[in-house]
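Okay, structure first, notes after.
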Amino acid sequence: MELKYKKLFLFDIDGTVSVGNEFIPGAKELLEYILKSGGKYIFITNNSTKSVNDYIFKFNTMGLKTTEENFVTAASASVKYLREKYCGRKIYTIGTKSFVSELKNNGINAIEEFDDNISCVLVGFDNELTYEKIETACRILSLTNADYAATNPDLVCPAPFGFIPDCGSICRMISEAVKKEPVFIGKPERLIVDMCLEKTGCTKEETVIAGDRLYTDILLGVKNDIDTIAVLTGETSREEIKLSPYKPKYVFNSAKELLEAIKN
């Protein structure tokens with residue numbers, strides 16, 4: 001199915017439509033055009049530093065009106081995963097105050113201190129990280145039978161000056177110490193896709209995934225037989241795409257270029 005006929009666009013956020021609190025040129029116009037044309041978009045960010053309500057506030061202040069229907073985040077997927085696997089049990093959580101609050105508000109027994117009865121250690125992208133949090137996670141994973149999970153494998157997150165360490169980098173520190181690897185919940189795992197299709201009723205053929213990272217955004221599409229778009233305003237370059245086993249169907253320099261392609 002050609003791009004202009006797609007009904008559901010699944011967008012990464014950081015490096016794809018925005019950096020920090022600024023839209024990448026053309027991104028706001030792209031999102032508005034999709035709605036005007038009868039399509040839908042959902043943001044499928046792996047960034048768990050913000051709750052869905054925080055993201056709604058962020059985009060509203062940037063001039064784009066959004067609702068909960070526009071988001072299925074790694075935090076959203078984590079809530080579903082934890083409910084199904086650890087209903088009511090204690091989850092030691094490394095994450096921002098916003099992330100921990102979102103888990104608690106959705107019925108997850110998220111705690112932030114050592115306990116002998118932890119069922120799972122959950123690591124998110126935490127820009128409020130302390131060494132004490134890392135040490136507590138290592139203590140739990142070394143002394144108990146707790147499982148080890150993480151919101152996403154992203155090693156870096158785009159920033160206005162370049163990149164900063166993401167959840168995958170935090171996990172590497174812990175994994176090196178305890179010799180255990182986490183189960184990742186967010187992209188490129190299929191849970192986020194399933195949640196988006198269920199929310200909208202769209203088919204895989206009607207859907208396209210757009211992002212800046214090959215091993216999460218593009219791999220998500222490859223693993224789920226969904227067309228993909230790589231945009232070059234974030235982590236990925238054309239040279240990396242040539243060398244990668246995960247090939248996007250489309251490559252655009254920016255959201256603005258993608259918009260022109262959809263219009264034509």
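The values are calculated or read from the model by the stated rules, or taken from the named source; none is laboratory data. These figures come from a predicted structure and were not determined experimentally. Heads up, the Cβs are rebuilt from the backbone with ideal geometry, glycines too, and the neighbour counts pull from every protein chain shown.
This table checks each residue for (1) more than 21 Å from Ser244 (Cβ to Cβ); (2) at pLDDT 95 or above.
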{"position": "Pro160", "(1), (2)": "yes, no"}
{"position": "Lys180", "(1), (2)": "yes, yes"}
{"position": "Val193", "(1), (2)": "no, yes"}
{"position": "Cys196", "(1), (2)": "yes, yes"}
{"position": "Glu206", "(1), (2)": "yes, yes"}
{"position": "Ala210", "(1), (2)": "no, yes"}
{"position": "Asp217", "(1), (2)": "no, yes"}
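When the residues of the stretch 215-246 are filtered to those that are out of contact with any Gly (no Cβ under 9 Å at 6 or more places or on another chain), within 26 Å of Lys28 (Cα to Cα) and touching a residue at least 24 places away in the same chain (Cβ under 8 Å), which remaining residue is surrounded by the fewest Cβ atoms within 10 Å (Cβ to Cβ)? Of everything passing the filter in the stretch 215-246, Ile241 is surrounded by the fewest Cβ atoms within 10 Å (Cβ to Cβ). When Ala159 is tested against (1) more than 21 Å from Gly15 (Cβ to Cβ); (2) in contact with a strand residue (DSSP E or B) (Cβ under 9 Å, 6 or more places away or on another chain), exactly one condition is not met: (1). Residue check: is Phe114 within 24 Å of Leu10 (Cα to Cα) and either of a type in the set (A, V, I, L, M, F, W, C) or surrounded by 18 or more Cβ atoms within 10 Å (Cβ to Cβ) (or both)? For Phe114, the condition - within 24 Å of Leu10 (Cα to Cα) and either of a type in the set (A, V, I, L, M, F, W, C) or surrounded by 18 or more Cβ atoms within 10 Å (Cβ to Cβ) (or both) - is not met. Determine whether the stretch 19-34 contains at least one residue that is surrounded by fewer than 23 Cβ atoms within 10 Å (Cβ to Cβ) and polar (S, T, N, Q). Yes, the stretch 19-34 contains a residue that is surrounded by fewer than 23 Cβ atoms within 10 Å (Cβ to Cβ) and polar (S, T, N, Q). Tallying residues that are among the aliphatic types (A, V, I, L, M), at pLDDT 95 or above and in contact with a helix residue (DSSP H, G or I) (Cβ under 7 Å, 6 or more places away or on another chain) within the stretch 1-48 yields 8. Within the stretch 43-68, restricting attention to residues that are in contact with a Lys or Arg (Cβ under 7 Å, 6 or more places away or on another chain) and touching a residue at least 60 places away in the same chain (Cβ under 8 Å), the residue that is nearest to Ile192 (Cα to Cα) is Ile44.
Being over 18 Å from Phe184 (Cβ atoms) and either outside the structural domain of Gly38 (by TED's automatic domain parsing) or part of a helix (DSSP H, G or I) (or both) is a property that holds for Lys242. Scanning the stretch 158-196 for residues that are closer than 26 Å to Thr228 by Cβ, among the aliphatic types (A, V, I, L, M) and free of Cβ contacts under 8 Å to residues at least 60 places away in the same chain gives Ile164, Val183. Every condition in (1) out of contact with any Ser or Thr (no Cβ under 9 Å at 6 or more places or on another chain); (2) closer than 17 Å to Gly124 by Cβ; (3) surrounded by fewer than 16 Cβ atoms within 10 Å (Cβ to Cβ); (4) acidic (Asp, Glu) is met by Asp194 except one, and the failing one is (2). Screening Val121 with (1) more than 18 Å from Arg83 (Cβ to Cβ); (2) among the aliphatic types (A, V, I, L, M); (3) surrounded by 13 or more Cβ atoms within 10 Å (Cβ to Cβ) gives one miss only, at (1).
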